[in-house]
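To start, the structure under review is shown below, and the notes come after it.
The values are calculated or read from the model by the stated rules, or taken from the named source; none is laboratory data. Predicted model, so just to flag it, every value in this text is computed and none were measured. Neighbour counts are summed over all protein chains in view; Cβ atoms, including those assigned to glycine, are modelled from backbone coordinates with ideal geometry. Heavy atoms of the whole protein, side chains included, go into the accessibility calculation; ligands, DNA and RNA do not. Shrake-Rupley method; radii C 1.70, N 1.55, O 1.52, S 1.80 Å.
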Amino acid sequence: MSKRRIPKRTIKSTRQVWKCKYFDVLEHTVQGRSGDRPYYAVRRRHPNTVHILACTPKDEVVLVRQFRPPVNKKVIELPAGLCDDEDEPPVEAARRELLEETGFEADEFEMMFSGTVTPGITNEIYNIFLATNARLTGRGGGVGNEAIEVFLKPRHRLLDYLVEESLMGDSLVDSKIPTALMLAQKYLLPEHD
């Protein structure tokens, strides 16, 4: 198999075309093999987001369902949110978001994964946490205008539930949930050497 040489691409210039409280829309001028072309991207001011797989002592997973205007549907998700500023450690954001959205607190938080969401369009970095011994201590439901439904599902049946909901349900399913479930196996059922 011959190696095809991939030409180097560079950003020659960037201009902000729109901004709001949470992100900027940028137009980059990218130099490629066919000349310059525009490339649009979303730059989050604080790129870190947190997503929490919270497990109760009964091995149930804490989930949320909320309406998401971009897809015009309710979406089943892990409790999640933004780091409020660049200095907020992701683990502190995870603790805060779990309590605000669900009313649950947990004894331990372990970051299981950090990666990109859609690097072709945004600089967002998502951080998936496992929170163990989660227990209800507050009201939850979100802050401000958020209307978050909180519910529990047994972890051992969650993947089946998500597949069924994704194919036949009225809600969409955030794909980070199956990812978090697979990652949690490493932490909840470690392999023995």
Before anything else, pin down the relative contact order of segment 74-147: Cα pairs under 8 Å, at least 6 apart, normalised by residue count, whole percent. 31 percent
Which listed pairs, of 58/176; 12/176; 21/153; 73/176; 73/186; 8/176, have C-alpha distances above 26 Å, in listed order: 12/176; 21/153; 73/186; 8/176
Modelling each spin label as a point 7 Å along the Cα-to-Cβ direction, I'd like the residue 39/residue 59 distance in nm, to one decimal. 4.6 nm
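Work through the residues other than residue 113 whose Cβ is under 13 Å from its Cβ and net out their charges, Lys, Arg +1 and Asp, Glu -1.
+1
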Can you give the alpha-carbon Rg of segment 26-120 over 2.2 N^0.38 Å, where N counts its residues? 1.41
Kindly sort 44, 139 by accessible area of their heavy atoms, largest first, with the probe set to 1.4 Å. 139, 44
Measure nothing fancy, just the Cα-based angle from helix 176-188's long axis to the longest principal axis of the chain, in degrees from 0 to 90, nearest 10. 60 degrees
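Given a 1.4 angstrom probe, I'd like the percentage of the accessible area of the chain that is carbon and sulfur, rounded to a whole number.
Working: 6380 of 12270 Å².
About 52 percent, which is the carbon plus sulfur part of the accessible surface.
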Local charge sum around residue 12 (other residues, Cβ-Cβ under 15 Å, Lys/Arg +1, Asp/Glu -1)? +3
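Please give the length that would be gained between residue 107 and residue 175 if that part of the chain were fully extended, namely 0.36 nm times their separation in residues minus their C-alpha to C-alpha distance (nm, one decimal).
The span from residue 107 to residue 175 would gain 21.9 nm if fully extended.
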Give the label of the value calculated from the structure for Rg and Dmax of the Cα atoms in Å, choosing from (1) 34.9, 122; (2) 19.4, 60; (3) 14.9, 41. (2)
Computed helical MRE - 222 nm, the chain, DSSP H runs ≥ 4 contributing -39500 (n - 2.57), nearest 500: -6500 deg cm²/dmol
Leaving out ligands and nucleic acids, note down the accessible area per residue over the chain with a 1.4 angstrom probe, in whole Å². 64 Å²
Just by accessible area at a 1.4 angstrom probe, what is the order of 53, 136 from largest to smallest? 136, 53
Which net charge results when you count Lys and Arg as +1 and Asp and Glu as -1 among the other residues whose beta-carbon is under 11 Å from that of residue 28? +3
So for segment 1-90: antiparallel DSSP bridges make up what percent, rounded to the nearest 5? 100 percent
